[in-house]
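The values are calculated or read from the model by the stated rules, or taken from the named source; none is laboratory data. Computed from a prediction, not measured in an experiment: that's the story for all the values here. For neighbour counting, all protein chains shown are included, and Cβ atoms are generated from backbone atoms with ideal geometry for every residue, glycine included.
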Amino acid sequence: MKNVFLTYKKLGETPLETLQKWSLEHPELADLPLTYAGRLDPMAEGLLLVLAGEECKQKERYTGLSKSYDFEFLLGFATDTYDLLGKVTEIGVANRNLSEEVKNYFAKLLGTHTEEYPPYSSKTVNGKQLFTYAREGTLGDIEIPTHEVTISDIELKNIREICGAELLKSIEEKISKISGDFRQSEILELWREKITPDQKYFLVSASVSGESGMYVRKIVHDLGITIGVPAVTYLILRTRVGEWTLDDTQFS
């Protein structure tokens, strides 16, 4: 489609940073307005739509397209952001095979349901984004809004072991890619304190498709509450937006 372009948001970048880098690589569009459609958290990566010219006026329509993600989550930990870029708030032990429990939980997610927005999200309440309330410690002063979420497909792919030393190294590498003030020092200190180097941990890989408004982080966090073992998002890769997939790009 004319003036709709595909790019890849890297881990650690904001969508705006990705757009700015992309625009430098396309000087032929310098005279056109540019925007991106659909946010991705700093700890997420994958397909991002860039709109140019008149298509910018259709941003809301593109943002509302259905999406697919591959994701991985870590059992045994929960954080206040529901991903690795958050303070560890709970630890637990995955001392049993949880594959059937994960599958059963996923099956219950199919269809449309109502859920709260994650506390660390850009949803606005009284003119202020939720993550601002979260960082101020004032979430209790407001009612967290809800929205409808529709999931058409969700599937458990694999469960693998990772030793604590390797896990910590991976988390340090991921967080090192983040620029700006995201409490990195405090967060890393907590991860180093909570991870036991010679202990085995479990990473679960899965995929999900659904309508706009899904928060993979929220799916993972709520799963942990349901199965009684804390869970935190380890990786998010957006593989599809509407009719476009990573296979349509050089990034596949």
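Restricting to region 150-187, and then to whatever is assigned to a helix (DSSP H, G or I), in contact (Cβ under 8 Å) with a residue 24 or more places away in the chain and over 18 Å from the mean Cα position of the chain (by Cα), can you tell me which residue is farthest from residue 116 (Cα to Cα)?
Per the stated criteria, the residue is 165.
Considering only region 114-124, I want to know if a residue exists there that is surrounded by fewer than 22 Cβ atoms within 10 Å (Cβ to Cβ), touching a helix residue (DSSP H, G or I) at 6+ places or on another chain (Cβ under 6 Å) and part of a helix (DSSP H, G or I).
Looking through region 114-124, none of the residues is surrounded by fewer than 22 Cβ atoms within 10 Å (Cβ to Cβ), touching a helix residue (DSSP H, G or I) at 6+ places or on another chain (Cβ under 6 Å) and part of a helix (DSSP H, G or I).
Pairs only if they're at least six apart or on different chains, beta carbon under 8 angstrom, first in region 113-130 and in contact (Cβ under 8 Å) with a residue 24 or more places away in the chain and among the acidic types (Asp, Glu), second surrounded by 15 or more Cβ atoms within 10 Å (Cβ to Cβ) and in a strand (DSSP E or B); list them, first residue then second.
Between residues of region 113-130 that are in contact (Cβ under 8 Å) with a residue 24 or more places away in the chain and among the acidic types (Asp, Glu) and residues that are surrounded by 15 or more Cβ atoms within 10 Å (Cβ to Cβ) and in a strand (DSSP E or B), the close pairs are 115/149.
In region 168-194, what residues are among the charged types (D, E, K, R) and touching a strand residue (DSSP E or B) at 6+ places or on another chain (Cβ under 6 Å)?
Taking region 168-194 and keeping what is among the charged types (D, E, K, R), we get 169, 172-174, 177, 181, 183, 186, 189, 192-194.
Across region 168-194, the qualifying residue is only 194.
Looking at the structure I just gave you, is residue 57 assigned by TED's automatic domain parsing to the domain that holds residue 167, out of contact with any helix residue (DSSP H, G or I) (no Cβ under 8 Å at 6 or more places or on another chain) and modelled with pLDDT of 95 or more?
Values: assigned by TED's automatic domain parsing to the domain that holds residue 167: no; out of contact with any helix residue (DSSP H, G or I) (no Cβ under 8 Å at 6 or more places or on another chain): yes; modelled with pLDDT of 95 or more: yes.
Considered against the rule, which asks whether it is assigned by TED's automatic domain parsing to the domain that holds residue 167, out of contact with any helix residue (DSSP H, G or I) (no Cβ under 8 Å at 6 or more places or on another chain) and modelled with pLDDT of 95 or more, residue 57 comes out as no.
Between residues in region 61-87 that are touching a residue at least 60 places away in the same chain (Cβ under 8 Å) and closer than 23 Å to residue 209 by Cβ and residues that are of a type in the set (S, T, N, Q) and buried (at least 22 other Cβ atoms within 10 Å of the Cβ), which pairs lie under 7 Å by C-beta distance while being six or more apart or on different chains?
71/233; 73/233; 82/233; 83/233
Counting only residues that are farther than 22 Å from residue 245 by Cβ and more than 20 Å from the chain's Cα centre (by Cα), give me the helices (runs of 4 or more DSSP H) lying completely in region 1-110 with at least 3 of them. Reasoning before the result, please.
Values: elements: 15-24, 59-63, 99-109.
Here the list reads 15-24, 99-109.
Test residue 208 against the stated conditions and say whether it is more than 15 Å from the chain's Cα centre (by Cα) and outside any helix (DSSP H, G or I).
Working: more than 15 Å from the chain's Cα centre (by Cα): no; outside any helix (DSSP H, G or I): yes.
Against the criterion (more than 15 Å from the chain's Cα centre (by Cα) and outside any helix (DSSP H, G or I)), residue 208 does not qualify.
Quick check: is even one residue across region 123-132 over 26 Å from residue 192 (Cα atoms), among the aromatic types (Phe, Trp, Tyr) and assigned by TED's automatic domain parsing to the domain that holds residue 222?
Within region 123-132, not a single residue is over 26 Å from residue 192 (Cα atoms), among the aromatic types (Phe, Trp, Tyr) and assigned by TED's automatic domain parsing to the domain that holds residue 222.
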